[in-house]
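The values are calculated or read from the model by the stated rules, or taken from the named source; none is laboratory data. Fair warning: this is a prediction, and the values are worked out from it, not measured in the lab. Every residue, glycine among them, receives a Cβ derived from its backbone with ideal geometry; neighbour counts consider all protein chains shown.
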Amino acid sequence: MVDITFAPASAADDTAFLDEVTALVNVVYAAGEKGIWRDETNRTDAAEMATIIRAGELAIAHLGGALVGTIRLQRLPGGEAEFGMLTAHPQHRNAGIGRELVAFAESWAREQGLAVLQLELLYPTEWEHPIKAFLRGWYTRIGYRLVHEADFAESYPHLAPLVATPCAFLVFHKNL
């Protein structure tokens, strides 16, 4: 059974934990977005993770005491909830960790009184990335619908120099 809880604020000052969670996010995203970003581009760093943890936005999944997944949850200014930074440890793929983390996010959003849960997906526009295609299909199957598509470089001009290929920025919503 996967145990999912929010990382305690004190974890933001735990260097070993920050290193572990940052490494997990970066390893999962390096594989999941291979070919999208320029070489040596990391998804996050320990300083960003510490900020997310201090804000009470990082939920972590443990299995048998080992860190096996993450998900960032936040309330958006428009009144929606949003999840991001969804990861499942490569050694525990196909164990339902991602599904349980998304269910946790949906439950959290409902408990916050939020009616819509949003996610964003970076998607190459000139070729089909197999993992991104899988995720797009999976999100659709579990009830998320595409509500907006934008050019990534226009939406995030400060990150545009880091991508290796043109990308769209897809926004999905699920009514809860």
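General observations
- In segment 1-24, the residues that are buried (at least 18 other Cβ atoms within 10 Å of the Cβ), β-branched (Val, Ile, Thr) and closer than 17 Å to residue 74 by Cβ: 4, 21
- Of the residues making up segment 4-12, one or more are out of contact with any helix residue (DSSP H, G or I) (no Cβ under 6 Å at 6 or more places or on another chain), farther than 26 Å from residue 160 by Cα and in a strand (DSSP E or B).
- The listed residue being among the basic types (Lys, Arg), closer than 22 Å to residue 141 by Cβ and either surrounded by fewer than 20 Cβ atoms within 10 Å (Cβ to Cβ) or modelled with pLDDT of 95 or more (or both), out of 99, 54, 75: 99
- Residue match in segment 79-91 (condition: of a type outside the set (A, V, I, L, M, F, W, C), loosely packed, with under 13 Cβ neighbours inside 10 Å and closer than 23 Å to residue 33 by Cα): yes
- Extreme residue, nearest to residue 2 (Cα to Cα), among residues of segment 39-88 that are assigned to a strand (DSSP E or B) and among the small types (Gly, Ala, Ser): 61
- Among the residues of segment 11-41, those that are within 22 Å of residue 101 (Cα to Cα), free of Cβ contacts under 8 Å to residues at least 40 places away in the same chain and of a type in the set (Gly, Ala, Ser) comprise 23, 30.
- Pairing residues of segment 119-130 that are in contact (Cβ under 8 Å) with a residue 60 or more places away in the chain with residues that are part of a strand (DSSP E or B), at Cβ distances under 8 Å and at least 6 apart in sequence or on separate chains, gives 122/167; 122/168; 122/169; 122/170; 124/167; 124/168; 129/123.
- Members of segment 81-105 found to be of a type outside the set (A, V, I, L, M, F, W, C) and closer than 14 Å to residue 58 by Cα, listed by number: 82, 84, 87
- Check on residue 153, of a type in the set (A, V, I, L, M) and either out of contact with any strand residue (DSSP E or B) (no Cβ under 8 Å at 6 or more places or on another chain) or touching a residue at least 60 places away in the same chain (Cβ under 8 Å) (or both): no
Okay, residues lined up against (1) within 14 Å of the chain's Cα centre (by Cα); (2) under 16 Å from residue 106 (Cβ atoms); (3) in contact (Cβ under 8 Å) with a residue 12 or more places away in the chain:
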| position | (1), (2), (3) |
| --- | --- |
| 43 | yes, no, yes |
| 56 | no, no, yes |
| 62 | no, no, yes |
| 69 | yes, yes, yes |
| 72 | yes, yes, yes |
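- Restricting segment 102-128 to residues that are part of a loop (DSSP other than H, G, I, E, B) and among the acidic types (Asp, Glu), the residue that is surrounded by the fewest Cβ atoms within 10 Å (Cβ to Cβ): 126
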